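Working notes, structure below.
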Amino acid sequence: MDLRFGAVLFNYRIQDMIEKSIRLEQNGFNSIWLTDVLFEGGPDLVLPDVIPAMTAIGMSTKRILVGTSVIDALSRHPAKLAAATATIDSLLNGRSIFGIGAGEIINHEPFGISTYDAFTRLRETVQILQLLWTADSLKPASFQGKYYAVRDAYIKIKPSKKPHPPVYLPAFGPKMLAMTGELADGWIPQGHTPETYCKFLNGPIKESLARTGKRFDNFDPANVMVACVSKDREQAAKTALEIRHWMVWSPDILRIAAPKLRHPGKRQPYIKSRDKGDIETQLRLAEEIPRELALRATLWGTIDDCIQQLELFIKAGLRHPILFFIPTPNESVDEMIRIFGSEVIPYFRDNGP
């Protein structure tokens, strides 16, 4: 699969999202990704609902793909999610990608949403989506799961993308990695170093793809990455260390990259909570993650630095870097978008992965 570049838009008003999306498209990016959270962060955080936000961005752009990083499967019934996503893909003429995850306690508990048995509920949601996206009155879908069931059902709007929009999964643990190869069209993790990315992709995911008879060439290995480009390398490094607070959500990565860390083993859906003990554990782990390790999981520094760092991920198998730009006191997100669009993206387009 050809190399593609994406960017995450987070904590923006809808109009600002639209303006950033147009700027990303103009600067040669291939995809825009929106989060789906309800509660996390401080009181001033702006968190629009992902469905209308995707629609607004898609209707304001022409070619760029619009994706979710990631939709919370546990907060929506699969049938309603199937109809909403099919509607978006129809409006965008096939320009949608749906990253789908299980959400987190911090975005569930305040609203009485259960995070219990997140893996099974996520798996059933993906299976039902793929059934309903392709079912019709002549071939309705039936499915009986532990939590969800459909019987002789179909939705009365179809996605433009055939056979259905791509599904990406944010897999870290063994069961999720196996499900990614089995059911998904792409992988959208975060917090990896090149070494751990290579190990996860070329081990469990490729093995699962092979078991199900799927071609790796048709699979899209993505990765959400903190990106901070600046002439001031030390300021860029200091800013990029925000990644430490992401890395604590994946004991599977840290078990390999930092085996001496005392991680309780809770993965992202469960450790991201308002529980005082979970909060203290995340802060402790973030402090203990070595600076050098954290920086290997990011793109930071000068243009040449970012190119060299990205080359390591590409050698590990990455084909779709998705950048989470963090501004410095001297460089805005818009400036970083311009720099990547004028310097970094053309370098890889001209020289190949």
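Using only alpha-carbon positions in region 1-109, the gyration tensor eigenvalues give semi-axes of 22, 17, 13 Å once each is multiplied by 5 and square-rooted (largest first).
Using the Cβ-Cβ distance between ALA79 and GLU182 with R0 set to 30 Å, the FRET efficiency from 1/(1 + (r/R0)^6) comes to roughly 0.85. Its Cα gyration tensor gives the chain an equivalent ellipsoid. The semi-axes, each the square root of 5 times an eigenvalue, are 30, 24, 20 Å from largest down.
Report the FRET efficiency, 1/(1 + (r/R0)^6), for SER114 and ARG262, where r is their Cβ-Cβ distance and R0 is 25 Å, rounded to 0.05. That gives a FRET efficiency of 0.30.
Here the chain is treated with +1 on each Lys and Arg Cβ and -1 on each Asp and Glu Cβ, and its dipole about the Cα centre works out to around 1040 debye. Under 16 Å from a label point set 7 Å out along the Cα-to-Cβ vector of LYS175, no amide N atom of region 193-219 is found.
What does the C-alpha gyration tensor say about the overall shape of region 256-299? Classify as rounded when a/c is under 1.5, otherwise prolate if a/b is larger than b/c, or oblate. Prolate is the answer for region 256-299, as a/c is 1.5 or above and a/b outweighs b/c. Residue order for SER332, SER160, fewest other beta carbons within 10 angstrom first, comes to SER332, SER160. Since only GLN268, ASN330, LEU312 are under comparison, the one whose Cα sits farthest along the positive direction of the charge dipole of region 262-353, derived from C-beta charges on Lys, Arg, Asp and Glu, is GLN268. Computed over every Cα-Cα pair of region 277-324 and binned at 10 Å starting from 0, the pair-distance distribution P(r) comes out as 22, 40, 26, 11, 0 percent. Label point 7 Å out from ALA210 along Cα-to-Cβ: which residues of region 156-188 have amide N under 15 Å? Only 178, 181-182 fall inside the zone, counting backbone N under 15 Å. Taking the number of Cβ atoms within 10 Å of each Cβ as an exposure proxy, the fewest-first ranking of LEU285, LEU209 is LEU209, LEU285. Dipole of the chain computed with +1 at Lys/Arg Cβ and -1 at Asp/Glu Cβ about the Cα centre; of LEU132, PRO43, GLY101, farthest Cα towards the positive end is LEU132.
Each Lys or Arg adds one and each Asp or Glu subtracts one; over the other residues with Cβ under 14 Å from the Cβ of GLY213, this totals +1. Considering only ILE14, SER160, ALA240, and ranking their Cα positions along the charge dipole of the chain that arises from unit charges at the beta-carbon of Lys, Arg, Asp and Glu, the one farthest toward the positive end is SER160.
Here is the size of region 113-211 from its Cα atoms: Rg then Dmax, 15.4, 48 Å. Peptide packing for 42-54, 313-325 was compared via the average number of neighbouring C-beta atoms within 10 Å per residue; ordered from the highest value, the list is 313-325, 42-54. Sorted fewest first by neighbouring Cβ atoms within 10 angstrom, PHE340, PHE200 come out as PHE200, PHE340.
Taking other residues whose beta carbon is less than 11 angstrom from the beta carbon of ASP334, and scoring Lys, Arg as +1 and Asp, Glu as -1, yields -1. Take every pair of alpha-carbon atoms less than 8 Å apart whose residues are at least six positions apart; their mean separation over the length of the chain yields a relative contact order of 18 percent.
The label point for ILE314 and the one for LYS231, both projected 7 Å from the Cα toward the Cβ, are 2.6 nm apart. Counted by Cβ distance under 14 Å from ARG262, the other residues give a net charge of +1, where Lys and Arg count +1 and Asp and Glu count -1.
Can you pick out the pairs among LYS139/LYS214; LYS158/LYS206; LYS139/LYS175; LYS146/LYS199; LYS80/LYS139; LYS231/LYS266 whose Cα atoms lie more than 27 Å from each other? Over 27 Å apart, Cα to Cα: LYS158/LYS206; LYS139/LYS175; LYS146/LYS199; LYS231/LYS266. Distances between placed amide hydrogens fall under 5 Å for GLY67 paired with ILE32, TRP33, LEU34, ILE97, all partners being 5 or more residues away or on another chain.
Against the longest principal axis of the chain, how steep is helix 303-316, in degrees 0 to 90 to the nearest 10, with axes from Cα atoms? Tilt of helix 303-316: around 50 degrees.
Throughout, read-outs are computed from the coordinates displayed, never taken from laboratory work. Remember, predicted model here, so these are calculated numbers, not experimental data. Glycine gets a Cβ as well: all are built from the backbone with ideal geometry, and neighbour counts include every protein chain shown.
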